[in-house]
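Participant: One structure is given below, represented as structure tokens, and several questions about it will come after.
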Ligand code: NAD
């Protein structure tokens with residue numbers, strides 16, 4: 001296929017998450033057969049919106065923030081993906097996160113494309129009122145491309161169900177009709193789904209069970225290290241402990257803690273909620289940040305940000321199994337090192353898909369205005385995750401590739417089949 005050179009913001013040499021994603025696409029292309037003629041589609045987001053988000057601060061001055069919404073692919077359905085509030089958010093990062101959402105949604109076979117949004121802001125510096133104004137103005141600005149059948153945002157790093165409620169209200173006010181299906185991850189009282197808050201962690205734990213079973217690694221007594229104790233890491237750590245595993249190490253933005261006898265997840269989470277961090281938690285050894293990657297453990301769960309497991313620390317990792325709760329935590333170079341060292345990596349695009357799976361259930365429930373029980377939701381979630389993991393495992397065996405490339409084979413095939421069937425408009 002003939003194409004013009006890529007514009008600078010799509011630079012394949014980009015060192016961050018977007019470059020990582022492009023490298024992952026290059027690795028899967030040889031397995032796509034005749035569909036590889038469409039692969040360029042996956043290297044260019046369908047639609048990118050950059051918005052200025054001005055708000056009045058409590059002190060009367062006006063501050064401007066940069067916001068983004070990227071719809072990477074909509075061949076299989078509306079865009080779907082979270083919104084991140086973080087001081088380091090950039091356009092290429094949001095592009096990569098949107099692309100990973102396309103892959104994830106296709107891998108789980110949800111009828112969605114992929115999208116992602118973000119604002120370059122440290123929300124910890126804002127009052128509640130400022131945060132609400134920021135969220136509402138951002139929602140209004142991206143309102144021209146989102147909607148229940150167009151693109152459906154959800155929570156991500158530093159966004160939560162209150163922020164989803166403000167987004168839903170703002171969109172609804174602009175539309176003149178309550179549109180609960182415009183975002184997922186809403187409060188249950190506002191059309192949210194039971195089980196949504198825990199869904200990503202539950203999904204991470206489910207694929208961990210499946211992978212550990214195939215490795216012959218019993219979860220009871222297994223030593224677990226978790227980076228990031230937020231929505232994803234916190235729930236995952238709790239489920240591991242309930243299964244008899246020992247959470248021996250954690251790291252968040254402020255501290256790294258180690259306790260071989262087990263940290264005690266409930267007390268740790270209570271401390272983190274009260275103090276804003278695990279820093280200062282009694283009875284554990286506090287270590288320098290880089291030491292986290294060397295600590296003795298059997299299972300490692302990165303559940304914070306991307307680009308954490310690198311060529312520098314991958315050789316020190318002691319775990320046999322890594323389950324990617326975060327999006328993009330492992331660089332391609334680190335992937336190669338871990339493969340050589342026979343460390344099994346269950347990639348983000350399958351491991352953390354539980355959240356978007358229950359988001360899909362929430363969206364379906366909103367459309368039908370008929371709500372399911374928590375048991376029903378959890379059972380459907382676990383079944384979907386198990387089936388998706390089994391398909392990925394089988395594909396990896398067939399082609400003798402990593403679980404990441406296997407997931408990309410399944411997902412990219414589905415996306416490009418849809419592309420081919422739809423044809424090019426006009
Ligand atoms: P969160 O804001 O609830 O928690 C983030 C955690 O990471 C916090 O404990 C924070 O202290 C920690 N952290 C931040 N910077 C860190 C650093 N430099 N080093 C170590 N720890 C650091 O976010 P979340 O919703 O749990 O998301 C975490 C990851 O999971 C992200 O990559 C996100 O994209 C991904 N994810 C989230 C969901 C979801 O449903 N929330 C779904 C799929 C994937």
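Nothing in this text is a laboratory measurement; each read-out follows from the coordinates by a stated rule. Computed from a prediction, not measured in an experiment: that's the story for all the values here. Please note: Cβ atoms are built from the backbone with ideal geometry, for glycine as well, and neighbour counts cover all protein chains shown.
Participant: Any idea what diffusion coefficient the chain gets from Stokes-Einstein, in µm²/s, Kirkwood Rh on alpha carbon pairs, 25 °C, 0.890 mPa s?
Facilitator: Value of D from the Cα-based Kirkwood radius: 113 µm²/s.
Participant: Here is a further query. In nm, give the distance between the simple-model label positions of residue 397 and residue 43, each being 7 Å from the Cα along the Cα-to-Cβ direction.
Facilitator: In this crude spin-label approximation the distance works out to 3.4 nm.
Participant: If you take every DSSP beta bridge fully contained in the chain, what fraction is antiparallel? Give it as a percent rounded to 5. Mind showing how you got there, number by number?
Facilitator: On the way: 22 of 46 bridges.
Just about 50 percent of them are antiparallel.
Participant: Tell me, what is the Rg over Rh of segment 350-417, with Rh the Kirkwood radius over Cα pairs? Let's see the in-between values first.
Facilitator: Values: Rg = 14.4 Å, Rh = 13.3 Å.
Rg/Rh: 1.08.
Participant: Evaluate E = 1/(1 + (r/R0)^6) for residue 421 and residue 373, where r is the Cβ-Cβ distance and R0 equals 35 Å; express this FRET efficiency to the nearest 0.05. Intermediate values should be presented prior to the final figure.
Facilitator: On the way: r = 36 Å, r/R0 = 1.04.
Efficiency, from the Cβ-Cβ distance: 0.45.
Participant: Next up: What order do you get for 172-183, 64-75 when each peptide is scored by the mean count of other beta carbon atoms within 10 Å, highest first? Intermediate values should be presented prior to the final figure.
Facilitator: Values: 172-183: 17.2, 64-75: 22.6.
My ranking of the peptides, most packed first, is 64-75, 172-183.
Participant: Another question, then. Averaging sequence separations of C-alpha pairs under 8 Å and six or more residues apart, then dividing by the length of segment 46-185, give the relative contact order as a whole percent. Don't jump to the answer; show the numbers that get you there.
Facilitator: Values: 302 pairs, mean separation 36.2, N = 140.
Relative contact order, segment 46-185: 26 percent.
Participant: Using a Gaussian network model of the chain whose springs link C-alpha atoms within less than 10 Å, name the residue from 96, 199, 379 with the highest mean-square fluctuation.
Facilitator: Comparing 96, 199, 379 in a Gaussian network model of the chain, the most mobile one is 379.
Participant: What's the exposure ranking of 83, 401, going from fewest to most Cβ atoms within 10 Å? Provide the component values of the computation, followed by the final result.
Facilitator: On the way: 83 31, 401 19.
Least crowded to most crowded, the residues run 401, 83.
Participant: State the Cα centre-to-centre distance between segment 279-352 and segment 127-159 in whole Å.
Facilitator: Spelled out, the Cα-based centre of one part sits 31 Å from the other.
Participant: Cα atoms only: what Rg and Dmax, in Å, come out for segment 197-351?
Facilitator: Cα radius of gyration and Dmax of segment 197-351 are 13.9, 42 Å respectively.
Participant: Out of the DSSP beta bridges found with both residues in segment 36-129, what percent are antiparallel (nearest 5)?
Facilitator: Details: 16 of 20 bridges.
Antiparallel bridges make up about 80 percent of those DSSP assigns within segment 36-129.
Participant: Taking Cα pairs under 8 Å and at least six residues apart, what relative contact order does the chain come out at, in percent?
Facilitator: Working: 860 pairs, mean separation 67.5, N = 426.
Answer for the chain is 16 percent.
Participant: Relative contact order, percent, of segment 132-172 when contacts are C-alpha pairs under 8 Å separated by at least 6 residues? Please list the in-between numbers first.
Facilitator: Values: 21 pairs, mean separation 23.0, N = 41.
Relative CO of segment 132-172 lands at 56 percent.
Participant: Only residues of segment 141-159 count here: report those whose backbone N is under 15 Å from the spot 7 Å along Cα→Cβ of residue 174, or say none.
Facilitator: 141-154
Participant: Here's another thing I want to ask about it. By DSSP, what percent of the beta bridges with both residues in segment 197-351 are antiparallel, rounded to the nearest 5?
Facilitator: On the way: 5 of 20 bridges.
Taking every DSSP beta bridge with both residues in segment 197-351, the antiparallel ones total about 25 percent.
Participant: Continuing with this model, one more query. Would you list the P(r) distribution for segment 46-185, with all Cα-Cα distances sorted into 10 Å bins from 0 and each bin expressed as a whole %?
Facilitator: Over segment 46-185, the share of Cα pairs per 10 Å bin runs 13, 46, 33, 7, 1 percent.
Participant: In a Debye calculation with equal point scatterers on the alpha-carbon sites of segment 218-307 and no solvent, what is log10 I(q)/I(0) at q = 0.14, 0.20, 0.22 Å⁻¹?
Facilitator: -0.40, -0.85, -1.05
Participant: Enter the Cα centre distance for the pair segment 165-197 and segment 227-245, rounded to the nearest angstrom.
Facilitator: Between the Cα centres of segment 165-197 and segment 227-245 lies a distance of 27 Å.
Participant: I need the per residue convex hull volume for segment 57-112, using only the alpha carbons, in cubic angstrom as a whole number.
Facilitator: Enclosed volume per residue, from the Cα hull, is 95 Å³.
Participant: For segment 295-426, what log10 I(q)/I(0) values come out of the Debye formula at q = 0.17, 0.21 1/Å, with one point per alpha carbon and no solvent?
Facilitator: Debye curve over Cα of segment 295-426, log10 I(q)/I(0) at q = 0.17, 0.21 Å⁻¹: -1.00, -1.23.
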